[in-house]
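*Asks:* Have a look at the structure that comes next, please.
What follows is calculated from the coordinates using simple rules that are stated; it is not laboratory data. From a predicted model like this one, the values you see are computed outputs, not experimental measurements. Here the Cβ is made from the backbone with ideal geometry for all residues, glycine too, and neighbour counts use every protein chain on show.
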2 protein chains.
Amino acid sequence: MFSKACPKGMRDILPEDVLIRERVLDTIKRMYRGYGYNQIEAPIIENIELLTGKEGGENEKLIFKILKRGEKLVDCKDNELCDLALRYDLTVPLSRYYANNMASLPTPFKAMQIGNVFRAERPQKGRYRQFVQCDIDIIGESSVLAEADLLSATVGTLTELGFKGFRLKLNDRRLLGLIAESCGFCESAVNDVCISLDKADKIGFDGVRAELLENGFDCAVVDEYLCCVNMLITSDSPLDACLKTLGERALAPINSLKFLLEFMSKQNLDCEVVYDPTLVRGMGYYTGTIFEVALSSVPYAVAGGGRYDNLLGKLIGKDVCACGFSIGFERIVNLIKEMNVDCGDRDKCALIVDANIGNAALIEVYKKAADIRAEGKVCSVIKRINNFGLMLNQLKQAGYGALYTVNIDGECKKFVEKS
Amino acid sequence: MFSKACPKGMRDILPEDVLIRERVLDTIKRMYRGYGYNQIEAPIIENIELLTGKEGGENEKLIFKILKRGEKLVDCKDNELCDLALRYDLTVPLSRYYANNMASLPTPFKAMQIGNVFRAERPQKGRYRQFVQCDIDIIGESSVLAEADLLSATVGTLTELGFKGFRLKLNDRRLLGLIAESCGFCESAVNDVCISLDKADKIGFDGVRAELLENGFDCAVVDEYLCCVNMLITSDSPLDACLKTLGERALAPINSLKFLLEFMSKQNLDCEVVYDPTLVRGMGYYTGTIFEVALSSVPYAVAGGGRYDNLLGKLIGKDVCACGFSIGFERIVNLIKEMNVDCGDRDKCALIVDANIGNAALIEVYKKAADIRAEGKVCSVIKRINNFGLMLNQLKQAGYGALYTVNIDGECKKFVEKS
């Protein structure tokens with residue numbers, strides 16, 4: 001006998017949960033389509049070189065690799081057992097997709113991608129090794145219109161899904177770099193400094209300080225840096241303070257952020273917008289604006305993204321700007337399950353036929369079922385099992401409100417439970 | 001620079017094709033849900049032992065295997081490099097899913113599964129290594145009601161998708177066995193005999209005869225067998241002829257087939273139903289009725305399935321009957337593309353804003369866009385690019401019927417092309 005369980009870290013999704021997921025997906029697709037995004041699909045499998053090109057940061061360590069097949073495997077050297085791998089996100093595949101198909105795609109290109117991604121993470125509650133991502137991206141739009149469009153589409157879609165009380169955090173990778181450098185870190189250290197800063201919400205500023213010192217950075221530099229970040233956090237007008245500290249070279253990112261703050265506050269959405277100088281976002285490929293949507297009701301982000309203007313250049317040979325936003329689909333679904341919303345399934349009717357029903361009668365039952373379906377209702381024909389009580393309970397649990405029993409001659413009678 | 005191409009045998013799907021696929025999937029889900037099928041989802045990855053259990057026939061040779069990770073890989077012996085694999089169909093995963101979750105599922109269980117499957121086939125035109133399957137299955141229904149329900153749901157769904165002129169072929173694995181044995185083949189040879197018979201439509205009866213002789217079967221037995229099959233094909237009432245040849249032991253499968261022939265001919269569907277004594281279906285797990293839907297307009301099957309009463313027993317420890325039907329989604333989509341149907345996308349409107357538009361004006365543009373979307377229309381805001389002619393062409397090609405230009409002050413004007 002085989003094992004009945006899923007592979008470690010994977011899961012079977014039960015019918016009631018699939019219904020909720022499908023409803024959420026339908027809303028996301030309808031809304032993003034309404035904003036002019038074009039759904040595309042790339043394969044789940046990519047050539048392994050694409051996925052190990054150092055763009056994915058920590059995620060690259062978590063790649064599922066696929067063994068070569070047939071002759072390829074026989075001929076291969078020890079260190080080249082695999083030629084393919086499962087994608088760990090949708091951004092790197094999107095870049096390859098755009099490079100491969102740019103001649104057939106409009107400029108700028110507004111893309112929507114919904115699909116499974118795979119990461120061999122250490123299994124933990126609520127985290128799975130296969131999960132769905134929902135991304136929108138605008139390729140070829142260098143102005144802040146791209147950020148504005150992505151933000152309003154995403155917050156609009158989350159609103160349509162029933163969420164409210166959004167807290168939108170914005171930052172810019174260029175500001176993160178300028179601030180660190182102005183305090184004495186060298187350019188090559190910025191990335192490591194940001195990785196530590198990113199942990200501030202978990203380990204606090206003291207933790208960040210300890211980690212930076214542990215990594216060998218100069219104590220005076222570290223303290224000046226944390227003092228500066230702290231000043232920005234507590235300032236009443238942090239972007240003005242930022243401009244004052246950094247000067248003219250920070251003008252472009254600051255003006256973008258100022259515009260986005262104003263733009264989003266005027267979108268008629270229940271959305272608080274802030275510049276957050278500690279927002280980092282993990283992926284290595286971001287180059288400009290970065291953003292994250294949180295809810296006032298939960299302590300984690302439900303969507304995040306940013307600008308990545310260099311990633312496509314590695315595939316196309318010349319730089320093409322791009323900006324993207326990803327909804328945390330699994331988190332959204334879990335929150336919606338807690339909201340206990342009605343999945344809006346149609347009227348459901350079951351025709352429970354006698355186990356010994358004759359052929360001619362069964363044919364008539366199916367004609368009746370077709371008539372019921374023509375009214376837009378669900379109609380399931382099933383044979384009565386010995387444990388009728390169990391069957392009734394299961395049908396009620398699955399939302400069947402109208403139950404009919406059909407006897408051996410095909411006579412149909414509404415079932416009314418004795419009280 | 002990385003390769004821009006997909007892995008061999010894979011493909012990028014362009015926006016216009018994704019729209020068609022989504023429309024087809026929506027119809028399939030809505031219809032099957034209407035018949036009472038419950039959508040479920042199992043992971044794309046399974047434990048490798050499950051997929052190499054000899055149930056998948058030829059497909060098992062085509063499995064994509066996933067390399068062990070981390071310590072598991074370091075510790076493993078040479079012949080155990082892989083612990084996981086990508087599913088090659090939806091039936092084997094369904095069996096594991098049912099075994100794993102049967103306590104939470106109703107009896108009988110009507111399942112719908114839609115998802116990607118993977119086969120490392122030799123790349124050829126129109127065949128891909130990642131493709132979508134759409135399956136419905138009924139688990140725990142031993143009577144012919146299961147077959148009847150699956151057939152009417154599938155032909156009903158294909159009708160809703162716009163197809164007509166169905167040709168439904170039925171057979172039964174038990175009859176295939178009884179006929180072969182009655183002609184002198186031993187029981188253990190039946191499978192090989194069927195594999196050859198399955199090729200009759202490609203290599204003809206002469207080709208089947210040559211292959212059987214080549215495989216070492218007795219010439220007299222082979223000739224009697226082909227003579228018998230030929231008699232059935234040319235008979236006016238082949239099921240009666242079959243009963244006459246095989247006697248009482250063939251009564252059960254013959255009665256099932258007779259019922260299904262009558263049932264389907266009375267379903268008010270444009271459907272010709274025949275018993276086809278040469279129908280085999282490739283998978284090794286079928287045990288009873290097998291069926292296939294073809295269209296009068298194309299030479300290949302668009303859906304197929306059958307009864308597999310033993311597969312679940314290997315996972316559950318006791319036999320649980322099951323019957324399933326699979327729509328050839330990729331074939332269906334290609335046929336629908338040829339039918340040139342309207343994808344029914346909503347009115348599409350584009351607001352093309354001046355590249356130097358001011359911030360305040362842009363905020364107003366987004367309010368206008370929100371108003372247009374509130375009317376149920378698609379509205380895409382994009383910045384004007386230098387090559388305006390190209391932009392116009394791309395928008396028209398993407399189905400944007402209403403184009404507006406927005407000047408630097410936010411004034412919006414309907415764009416009318418000069419003739």
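*Asks:* Taking the Cα centre as origin and putting +1 on Lys and Arg beta-carbons and -1 on Asp and Glu beta-carbons, what dipole magnitude results for the range A:118-157, to the nearest 20 debye?
*Replies:* In debye, rounded to 20, the range A:118-157 gives about 600.
*Asks:* For Cα pairs less than 8 Å apart in space and 6+ apart in sequence, what is the mean separation divided by the residue count of chain A, i.e. the relative contact order in percent?
*Replies:* Averaging sequence separation for qualifying contacts and normalising by length gives 16 percent for chain A.
*Asks:* Here is a further query. Would you mind checking the pairs A:LYS65/B:LYS199; A:LYS258/A:LYS318; A:LYS169/B:LYS377; A:LYS258/A:LYS337 and listing those with alpha carbons more than 32 angstrom apart?
*Replies:* A:LYS65/B:LYS199; A:LYS258/A:LYS337
*Asks:* Further question: Distance in nm between label sites at B:LEU14 and A:ASN310, each 7 Å beyond Cα in the beta-carbon direction?
*Replies:* Between B:LEU14 and A:ASN310, the label points sit 3.3 nm apart.
*Asks:* Taking a label point 7 Å from Cα toward Cβ, how far is A:GLY313 from its twins in the other copies, in nm, shortest first?
*Replies:* List, nearest first: 6.5 nm.
*Asks:* Efficiency by 1/(1 + (r/R0)^6): what FRET value for A:ASN359 and B:ASP347, r their Cβ-Cβ distance, R0 = 60 Å, to the nearest 0.05?
*Replies:* 0.75
*Asks:* Moving to a separate point now. Count charges around B:ARG21 for me, please; just the other residues with Cβ under 11 Å from its Cβ, Lys/Arg as +1, Asp/Glu as -1.
*Replies:* Net charge in that neighbourhood comes out at -4.
*Asks:* In nm, give the distance between the simple-model label positions of B:ALA103 and A:PHE415, each being 7 Å from the Cα along the Cα-to-Cβ direction.
*Replies:* The modelled label-to-label distance comes out at 2.5 nm.
*Asks:* Show the residues, 5+ positions off or on another chain, whose built amide H is closer than 5 Å to the amide H of A:GLN39.
*Replies:* A:MET112
*Asks:* Only Lys, Arg, Asp and Glu count, each charged at its Cβ (+1, +1, -1, -1), so figure out the dipole size of the range A:348-414 about its Cα centre, rounded to 20 debye.
*Replies:* Computed charge dipole of the range A:348-414: roughly 260 debye.
*Asks:* Moving on to the next point. At q = 0.24 Å⁻¹, work out log10 I(q)/I(0) for the range A:210-296 with the Debye formula, treating every Cα as an identical point scatterer and leaving solvent out; two decimals please.
*Replies:* -1.36
*Asks:* Going by alpha carbons, how many degrees (0 to 90, nearest 10) lie between the helix axis of B:173-182 and the longest principal axis of chain B?
*Replies:* Here the helix axis deviates by roughly 30 degrees.
*Asks:* For A:GLY126, place a label point 7 Å from Cα along the Cα-to-Cβ direction in every copy; what are the distances to the other copies, in nm, shortest first?
*Replies:* Going from nearest to farthest copy, the values are 4.9 nm.
*Asks:* Sticking with this one: Of A:LYS367/B:LYS314; A:LYS29/B:LYS348; A:LYS4/B:LYS61, which ones are farther than 26 Å apart at the Cα?
*Replies:* A:LYS367/B:LYS314
*Asks:* How high is the FRET efficiency from A:GLN397 to B:ASP236, r the C-beta distance, R0 60 Å, rounded to 0.05?
*Replies:* Approximately 0.75, to the nearest 0.05.
*Asks:* Under 9 Å from the Cβ of A:ILE352, count the other residues' Cβ atoms, weight Lys and Arg +1, Asp and Glu -1, and hand me the total.
*Replies:* Around A:ILE352, the surrounding residues sum to +1.
*Asks:* While we're here: Name the most mobile residue of A:ALA111, A:ALA189, A:ALA148, meaning the one with the largest mean-square fluctuation, in a Gaussian network model of chain A with Cα contacts below 10 Å.
*Replies:* Highest fluctuation among the options: A:ALA189.
*Asks:* Next up: Which distances, in nm and shortest first, link the A:PHE415 label point to the same label point in every other copy, taking 7 Å along Cα→Cβ?
*Replies:* Taking the point 7 Å beyond Cα along Cα→Cβ, the inter-copy spacings are 6.0 nm.
*Asks:* Something else: List, in order, the whole-Hz ³J(HN,Hα) value for each residue of the range B:232-240 obtained from phi through the Karplus relation with A = 6.51, B = -1.76, C = 1.60 and θ = phi - 60°; use x for Gly and Pro.
*Replies:* After applying 6.51 cos²θ - 1.76 cosθ + 1.60, I find 5, 5, 8, 5, 6, 10, x, 5, 5 Hz.
*Asks:* When the dipole is taken about the Cα centre of the protein assembly as shown, and only Lys, Arg (+1) and Asp, Glu (-1) are charged at their Cβ, what size is it in debye, to the nearest 20?
*Replies:* 880
*Asks:* Straight distance only, please: which aspartates and glutamates reach the Cα of B:LYS202 with their own Cα at less than 14 Å, same-chain residues fewer than 8 apart left out?
*Replies:* Within the straight-line limit of under 14 Å, B:LYS202 reaches these aspartates and glutamates: B:GLU211.
*Asks:* Give the separation of the Cα centroids, the range B:303-334 to the range A:300-316, in Å.
*Replies:* The distance from the Cα centre of the range B:303-334 to that of the range A:300-316 comes to 42 Å.
*Asks:* Moving on. Please identify, among A:ALA99, A:ALA252, A:ALA350, the residue showing maximal mean-square fluctuation in a Gaussian network model of chain A using a 10 angstrom Cα cutoff.
*Replies:* Among A:ALA99, A:ALA252, A:ALA350, the largest mean-square fluctuation in the Gaussian network model of chain A belongs to A:ALA350.
*Asks:* May I ask what percent, to the nearest 5, of DSSP beta bridges between residues of the range A:348-414 are antiparallel?
*Replies:* In the range A:348-414, DSSP labels about 20 percent of beta bridges as antiparallel.
*Asks:* Summing Lys, Arg as +1 and Asp, Glu as -1, what charge do residues with Cβ under 10 Å from the Cβ of A:PHE291 carry, A:PHE291 excluded?
*Replies:* Spelling it out: positives minus negatives among the neighbours equals -1.
*Asks:* With springs only between Cα atoms under 10 Å, which of B:LEU226, B:LEU158, B:LEU90 fluctuates most in a Gaussian network model of chain B?
*Replies:* Comparing B:LEU226, B:LEU158, B:LEU90 in the GNM, the peak value goes to B:LEU226.
*Asks:* Using Cα-only point scatterers and the Debye equation, what is log10 of I(q)/I(0) for the protein assembly as shown at each q in 0.05, 0.06 Å⁻¹, rounded to two decimals?
*Replies:* One equal scatterer on each Cα of the protein assembly as shown leads to -0.33, -0.47.
*Asks:* If I model a spin label as a point 7 Å beyond the Cα along the Cα-Cβ vector, how far apart are those points for B:GLU375 and A:PHE388 in nm?
*Replies:* Roughly 5.7 nm, to one decimal.
*Asks:* Under a 5 Å amide H to amide H cut-off, with H placed in plane at 1.01 Å, what residues pair with B:VAL353 once short-range neighbours are removed?
*Replies:* B:ILE382, B:LYS383, B:ARG384, B:VAL406
*Asks:* What are the ³J(HN,Hα) couplings of the range A:286-302, residue after residue, when phi is run through the Karplus curve with 6.51, -1.76, 1.60 and θ = phi - 60°? Round to Hz, x for glycine and proline.
*Replies:* Listing the rounded values in order: 5, 10, x, 3, 10, 8, 8, 10, 10, 10, 5, 8, 10, x, 10, 6, 10 Hz.
*Asks:* Please grab the % of Cα pairs in chain B that end up more than 27 Å from each other.
*Replies:* Cα-Cα pairs of chain B separated by over 27 Å account for 63 percent.
*Asks:* Considering only DSSP beta bridges with both partners in chain A, what is the antiparallel share in %, to the nearest 5?
*Replies:* 70
*Asks:* Indicate the gyration tensor shape class of the range A:348-414 (rounded, prolate or oblate), computed on the Cα atoms with a ≥ b ≥ c the square roots of the eigenvalues: a/c under 1.5 is rounded; otherwise a/b larger than b/c is prolate and the rest oblate.
*Replies:* Verdict is oblate for the range A:348-414.
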